[in-house]
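A quick write-up on the structure given underneath.
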Amino acid sequence: MSAQEILASAGSFSNHDLLLFEEKTLRKVFKKNDTILLRGEICQSVYFILYGSFVQFQSNDATETIIDLHLPKEWMYNHPSLIEQKPSGTTIKAFEDAEVIELSLSNLHELIARSPAFLSLGRIFGQANHRTYLFDNALNPAQKYNYIKNAKPLIVQVFPVKMIASYLKITPETLSRVRANRYIS
């Protein structure tokens, strides 16, 4: 995937801008269960997923609560940790083998300083809106599932029901019923 394809959702960039982006980013490969960010670390980068998937979760004792599920062609990061430069309350790890483009926060600032076009990368920080919409609106389980299916259609093909249910803050049994009713009607 080219720099132009990666940046297409953020705005329009000149050839010079694309070269700057390629100069300031790194390609990284992760194996299943490799960790990108540990709880307690400060998030210093944003990642564009070329292939593979990631899970962002909070863990306490034996319980993992899914905070976000990340798919190919998405930007991924821990929003509060990156924006506020405070220790992350979540862990991000590869759900399957994956490859990403990493853009560090310092390199993002340098890109913005070198070309105002990179100010449009601020759009990637709006991705937290999916989560906000899901949990700031009084959606019933079927509405949550329909919203996430529309926002991230691949989610049901990649992640197991238990993880999707945890992300939607409903029980796996409720999610199974919602899915069964969807196919009946």
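The values are calculated or read from the model by the stated rules, or taken from the named source; none is laboratory data. Note that this is a predicted model, so its numbers are computed, not measured. Here Cβ is always computed from backbone atoms with ideal geometry, including for glycine, and neighbour counts include all displayed protein chains. Quick note on the areas: whole protein, heavy atoms, side chains included, nothing else; ligands and nucleic acids left out. Shrake-Rupley method; radii C 1.70, N 1.55, O 1.52, S 1.80 Å.
Connecting C-alpha atoms closer than 10 Å in a GNM of the chain, tell me which of 98, 62, 117 has the biggest fluctuation.
Result for the chain, Cα springs under 10 Å: 62 fluctuates most.
Scattering from the C-alpha atoms of the stretch 1-68 alone, worked out with Debye: what is log10 I(q)/I(0) at q = 0.18, 0.26 1/Å?
-0.86, -1.28
Identify which of 18, 69, 50 has the largest mean-square fluctuation in a Gaussian network model of the chain, with springs joining Cα atoms closer than 10 Å.
18
Identify, among 87, 72, 38, the residue whose Cα sits farthest towards the positive end of the charge dipole of the chain, taking +1 on the Cβ of Lys and Arg and -1 on the Cβ of Asp and Glu, with the dipole about the Cα centre.
72
Label point 7 Å out from residue 104 along Cα-to-Cβ: which residues of the stretch 29-44 have amide N under 11 Å?
It comes to 44, nothing else.
Pop out the Kirkwood hydrodynamic radius of the chain from its pairwise C-alpha distances, inverse of mean 1/r, in Å to one decimal.
In the chain this quantity evaluates to 17.5 Å.
Which of 156, 100, 55 ends up with the largest GNM mean-square fluctuation for the chain, with Cα atoms connected below 10 Å?
156
Mind ranking 73, 144 by accessible surface for me, highest first, 1.4 Å probe?
Numbers: 73 140, 144 25 Å².
Most to least solvent-accessible, the answer reads 73, 144.
Greater than 31 Å separation of Cα atoms is the criterion. Which listed pairs, 24/93; 86/152; 24/162; 28/144; 24/144, meet it? List each step's numbers first, then the result.
Values: 24/93 23 Å; 86/152 28 Å; 24/162 38 Å; 28/144 33 Å; 24/144 37 Å.
With Cα atoms farther than 31 Å apart: 24/162; 28/144; 24/144.
What is the distance, in nm, between label points placed 7 Å from the Cα along the Cα-to-Cβ direction at residue 59 and at residue 181?
Result: 3.4 nm between the two label points.
Per-residue accessible area for residue 147 at 1.4 Å probe radius, Å² rounded to 10?
60 Å²
How much length would be gained if the chain were fully extended between residue 174 and residue 157, taking 0.36 nm per residue of separation minus their Cα-Cα distance, in nm to one decimal? Intermediate results must be reported in sequence, preceding the final value.
Numbers: separation 17, 0.36 × 17 = 6.12 nm, distance 1.83 nm.
Result: 4.3 nm gained on full extension.
Which of 140, 58, 167 sits closest to the plus end of the dipole of the chain, meaning its Cα is farthest towards the positive end, when Lys and Arg get +1 and Asp and Glu get -1 on the C-beta?
140
Angle check, please: helix 141-151 long axis (alpha carbons) against the longest principal axis of the chain (alpha carbons), in degrees 0 to 90, nearest 10.
Result, in degrees: 30.
Taking the Cα centre as origin and putting +1 on Lys and Arg beta-carbons and -1 on Asp and Glu beta-carbons, what dipole magnitude results for the chain, to the nearest 20 debye?
So the dipole magnitude of the chain works out to roughly 660 debye.
Taking the Cβ-Cβ separation of residue 4 and residue 143 as r and a Förster radius of 41 Å, what is the calculated FRET efficiency to the nearest 0.05? Intermediate results must be reported in sequence, preceding the final value.
Numbers: r = 36 Å, r/R0 = 0.88.
Efficiency computed from Cβ-Cβ geometry: 0.70.
Go through 106, 88, 120 and list them by solvent-accessible area, largest first, probe radius 1.4 Å.
The residues order as 106, 120, 88, largest area first.
Taking 0.36 nm per residue of separation and subtracting the Cα-Cα distance, what length does fully extending residue 114 through residue 34 add?
25.5 nm
Which far-off residues, 5 or more places away or on another chain, put their amide H under 5 Å from the one on residue 36, with H placed in the peptide plane?
92, 93, 94
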